[in-house]
2 protein chains.
Amino acid sequence: MSYSPFISELIKKLDAKEGDTLSVRNGEREYVGTLMPHHEFSLEDIIILKLSNGYNIGIRISESSSVTLISKGAAKEKKPRPEQHSSGKTVSVLGTGGTIASYVDYRTGAVHPALSAGDLVAAVPEIKDICDVKAEVLFSIFSENMNVENWQTIAEEAADRINAGAEGCIIPHGTDTMGYTSAALAFMLGDLPKPVVLVGAQRSSDRPSSDAYTNLVSAARFIVNTDASEVFVLMHASSSDSSAAVHRGTKVRKMHTSRRDAFKSVNSPVVATVDFEGGIDFHADYRKKSSSKVCAQTEMETNVALLQYFPGMSPSVFSRILHESSGVVISGTGLGHVSSDMAEEIKSAVQGGTSVVMTSQCLYGRTNLNVYNTGRDLISAGVIPGEDMLPETAYVKLMWVLAQTSDADKISEMMRTNLRGEISDRRDISE
Amino acid sequence: MSYSPFISELIKKLDAKEGDTLSVRNGEREYVGTLMPHHEFSLEDIIILKLSNGYNIGIRISESSSVTLISKGAAKEKKPRPEQHSSGKTVSVLGTGGTIASYVDYRTGAVHPALSAGDLVAAVPEIKDICDVKAEVLFSIFSENMNVENWQTIAEEAADRINAGAEGCIIPHGTDTMGYTSAALAFMLGDLPKPVVLVGAQRSSDRPSSDAYTNLVSAARFIVNTDASEVFVLMHASSSDSSAAVHRGTKVRKMHTSRRDAFKSVNSPVVATVDFEGGIDFHADYRKKSSSKVCAQTEMETNVALLQYFPGMSPSVFSRILHESSGVVISGTGLGHVSSDMAEEIKSAVQGGTSVVMTSQCLYGRTNLNVYNTGRDLISAGVIPGEDMLPETAYVKLMWVLAQTSDADKISEMMRTNLRGEISDRRDISE
């Protein structure tokens with residue numbers, strides 16, 4: 001989208017070019033920075049300035065805005081950053097794409113996925129005060145296109161960097177399927193001696209309220225300053241810009257299409273919060289760092305499906321998927337129910353060799369198939385109760401478990417055993 | 001489950017029989033009531049007393065409990081209920097089954113579905129102080145077995161009672177699929193002149209913290225004392241026993257497997273809260289009562305499926321469902337995305353005549369297919385954006401819309417138009 005006629009006229013009048021330094025005053029707020037290119041996804045009434053702290057900011061221009069040209073070319077003076085000593089530890093940043101990756105291509109401001117390793121580091125100057133960064137780009141795709149091979153690549157590369165001495169890995173990732181990827185990495189990287197932290201961004205670079213930089217910097221601080229060593233997702237903790245939440249990779253779900261605090265820990269507390277100004281607080285137990293090596297177990301059975309039960313779901317329509325898949329995760333209603341006719345179809349599929357795991361579309365709470373007859377029937381038939389696992393995590397886990405063993409009892413046992421924090425302790429059922 | 005050996009011994013020692021009056025003291029709390037039968041779903045350390053106010057209560061018995069026999073046979077004195085004048089209005093109660101229906105079969109305490117119209121009224125004496133109740137049982141099934149024909153029956157019977165002069169209908173319903181049924185009734189009962197309120201219970205009769213009675217009584221109060229006339233779901237507002245939330249039938253979802261406040265309004269405020277001790281507060285606009293008649297439009301296209309997208313979803317596995325269904329609702333990732341290969345399959349299905357609606361598995365927030373190329377491609381191919389509709393509501397709506405018209409443009413227009421509060425106003429996209 002191009003500029004509005006009003007902004008086009010204004011820029012022409014100022015004779016401002018990209019790279020020139022502008023001042024924009026909106027009411028009491030003044031921004032001084034370098035004019036960045038306006039890209040196709042920017043709103044027409046927004047101009048993008050690169051501030052002296054390295055951030056890009058999108059500023060809405062109205063007729064009451066005051067815009068002046070400060071100098072041709074970049075601003076001479078750079079506000080000094082607060083002094084901080086790098087830990088000397090090396091953090092590996094493995095780019096995969098998504099809004100956060102495109103975001104940090106600050107030279108163009110474009111939100112299509114395109115970045116180099118150098119850009120990624122250069123875009124977040126603070127991170128170099130925290131640690132040495134080794135940034136690489138594994139691939140650059142929207143996360144809705146993330147597939148099993150991508151998960152495997154990330155797991156192998158992360159294991160490699162950690163075994164080579166990195167203090168941890170940051171995985172910038174599109175937010176759409178970040179919860180699936182974090183669960184996959186958690187199962188693939190079992191004996192993780194150093195943390196793997198997925199970070200994303202819900203706001204692209206032409207929005208004043210971007211979350212990309214703070215999430216990246218918080219991930220680096222979390223890796224360097226704590227002894228936690230699991231696969232985590234780190235995203236804004238609230239819609240305000242004050243802290244990030246560190247979620248366990250198997251317990252986290254994107255619960256909002258657009259909010260910065262879209263990610264929620266489900267059936268589990270947030271593991272830690274990282275205050276943007278200060279400390280890091282833990283709210284749950286976690287696995288500690290060690291000096292051992294990690295061996296990525298990346299094999300996955302891909303013939304697995306995730307199906308949500310709904311009233312009117314027809315056994316004949318879903319029969320083939322149930323019978324021809326190696327594994328199926330159902331998100332049933334309530335405690336883990338389906339209609340009687342679907343229950344018959346599922347039982348028949350289980351008898352035919354399909355591993356079926358029952359979770360709940362409620363998302364919150366625990367399944368319990370022992371309350372009603374139909375549930376008990378499913379258990380008798382061999383349906384595996386998913387405890388309080390997210391349907392998405394159960395799906396990823398089933399893919400991984402089916403690649404480890406083909407023994408039905410062993411599959412059931414592994415699915416019902418807490419391997420990576422994906423199953424919470426059973427709470428008092430009276431609650 | 002039978003009593004624990006400790007309770008069995010205690011009851012034997014007291015020579016207490018079902019129907020005798022007992023006192024149970026746990027610490028400072030004392031309960032006096034009639035001993036009820038212990039049923040198969042009761043916990044072994046619980047005894048059930050019918051209190052003088054008509055409620056059944058389950059009391060946990062430990063070695064520190066003091067249990068005494070007050071009298072053989074039922075207690076003589078009945079605590080008088082607070083005086084209240086019935087409004088003289090008639091509320092129709094149409095039982096459909098579920099925990100709430102079985103619950104009110106107070107004579108046996110059983111949680112399997114079994115009740116008569118008389119039981120339903122007798123079990124909630126307070127309701128007769130609020131209105132005249134005409135209670136009937138339409139059927140008695142667990143809600144996971146609720147199907148389209150059941151929705152049609154409920155809609156027709158509710159319309160009939162309202163047209164015959166009822167001030168409103170209360171539909172006791174199993175909680176598992178209550179949100180689907182409420183959405184179906186909302187679409188079927190368009191010009192509703194009196195409210196239809198679905199109520200359920202998350203706690204069976206052997207739990208001290210039952211919610212069935214309070215939900216039923218609150219529904220009666222809401223119908224009689226307000227001028228709101230939509231299809232609503234009324235359930236506990238919090239885990240404490242203080243108020244009920246009245247949710248719009250198209251915006252509500254069961255979000256917890258077991259909590260009493262499992263139901264949440266998604267992308268919409270709760271319409272009203274009913275304080276158990278006092279007033280009724282509204283938090284949103286609502287449709288008003290009128291004196292017109294309602295005509296139930298119950299036709300539904302049943303060849304519709306609801307599919308959640310997941311990474312690794314195979315176009316070939318889901319091709320048949322996409323192509324052979326009349327309509328499919330996808331719960332995509334984030335703003336409404338699927339992988340490129342699934343997008344191709346969906347486009348091909350749309351070209352073949354399948355109506356496809358895109359919603360988000362995030363549940364919260366609004367879909368937006370205009371941000372990325374793949375989304376714009378889907379829109380161009382004719383995929384219908386689901387706005388901020390719940391996937392479950394979009395599924396029910398699509399069944400209903402496909403029964404109204406077979407014209408693709410009209411289907412798309414109806415799906416994108418807010419008919420029953422199922423689509424919220426677009427908020428500021430900067431938020």
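Throughout, read-outs are computed from the coordinates displayed, never taken from laboratory work. It should be emphasised that the depicted structure is a prediction, and the values quoted were computed from it without experimental measurement. Cβ atoms come from the backbone with ideal geometry, glycine included; neighbour counts cover every protein chain shown.
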Along the axis that rotates chain A into chain B, which residue of chain A has the nearest beta-carbon, and what is the gap in whole Å?
-> A:Q308, 3
Dipole of region B:304-416, Cα-centred, from +1 at each Lys and Arg C-beta and -1 at each Asp and Glu C-beta, to the nearest 20 debye?
-> 100
Report the paramagnetic label zone for A:S316: residues of region A:325-361 whose backbone N is under 19 Å from a point 7 Å from Cα along the Cα-to-Cβ axis.
-> A:339-349
Gyration tensor (alpha-carbon) shape descriptor, region B:304-416, a/c threshold 1.5 | rounded
Which Cα, out of A:N147, A:L69, A:S316, lies furthest along the positive dipole direction of chain A (beta carbon charges, K/R +1, D/E -1)?
-> A:L69
So in region B:304-416, what percent of DSSP beta bridges are antiparallel if you round to the nearest 5?
-> 5
For label points placed 7 Å from Cα toward Cβ, what is the shortest-first list of nm distances from B:K13 to its copies?
-> 9.4
Among DSSP beta bridges lying fully in chain B, give the percent that are antiparallel, nearest 5.
-> 55
Determine the shielding of peptide A:176-189 by partner chains: average, over its residues, the number of Cβ atoms on other chains within 10 angstrom of each Cβ.
-> 2
Within 10 Å of the Cβ of an average residue in B:337-346, the count of other chain Cβ atoms is 3
Starting from a label point 7 Å past Cα on the Cβ side, list the distances from B:E30 to the same position in the other copies, nm, shortest first.
-> 7.7
Among B:301-307, A:394-400, the order from most to least packed when residues are scored by Cβ within 10 Å on average = A:394-400, B:301-307
Name the residues of region B:288-304 whose amide N is less than 18 Å from a point 7 angstrom out from the Cα of B:T417 along the C-beta direction?
-> B:295, B:297-299
Taking r as the C-beta separation of B:A164 and A:S238 and R0 as 60 Å, the FRET efficiency to the nearest 0.05 is 0.70
Looking at the protein assembly as shown, what % of its DSSP beta bridges pair antiparallel, to the nearest 5?
-> 55
Span-like helices, chain A: DSSP H, alpha-carbon axial extent 18 Å or more, mean Kyte-Doolittle -1.0 or greater, which ones?
-> A:148-163, A:212-225, A:391-404
On average, how many beta carbons from a partner chain sit within 10 Å of the beta carbon of a residue in A:140-152?
-> 4
Simple Cβ-charge dipole of chain B, Lys/Arg +1 and Asp/Glu -1, about Cα centre, in debye nearest 20 = 720
Net +/- balance of residues flanking A:R248 in space, Cβ distance below 9 Å, scoring K and R +1, D and E -1 = 0
Report, as a whole number in µm² per second, the diffusion coefficient that Stokes-Einstein gives for the protein assembly as shown at 20 °C and 1.002 mPa s using the Kirkwood radius over alpha carbon pairs.
-> 73
For labels at A:K12 and A:E156 in the simple 7 Å Cα→Cβ model, what's the distance in nm?
-> 5.5
Taking every alpha carbon pair in chain B and sorting the distances into 10 angstrom bins from 0 up to the bin holding the longest one, the percent per bin comes out as 5, 21, 27, 21, 15, 8, 4, 0
In nm to one decimal, list the spacings between the A:T405 label point and its equivalents in the other copies, with label points set 7 Å along Cα to Cβ, shortest first.
-> 5.6
Reduced to Cα centres, the span from region A:380-407 to region B:288-331 in Å works out to 27
Per GNM of chain A with C-alpha springs under 10 angstrom, the most fluctuating residue out of A:S238, A:S268, A:S229 is A:S238
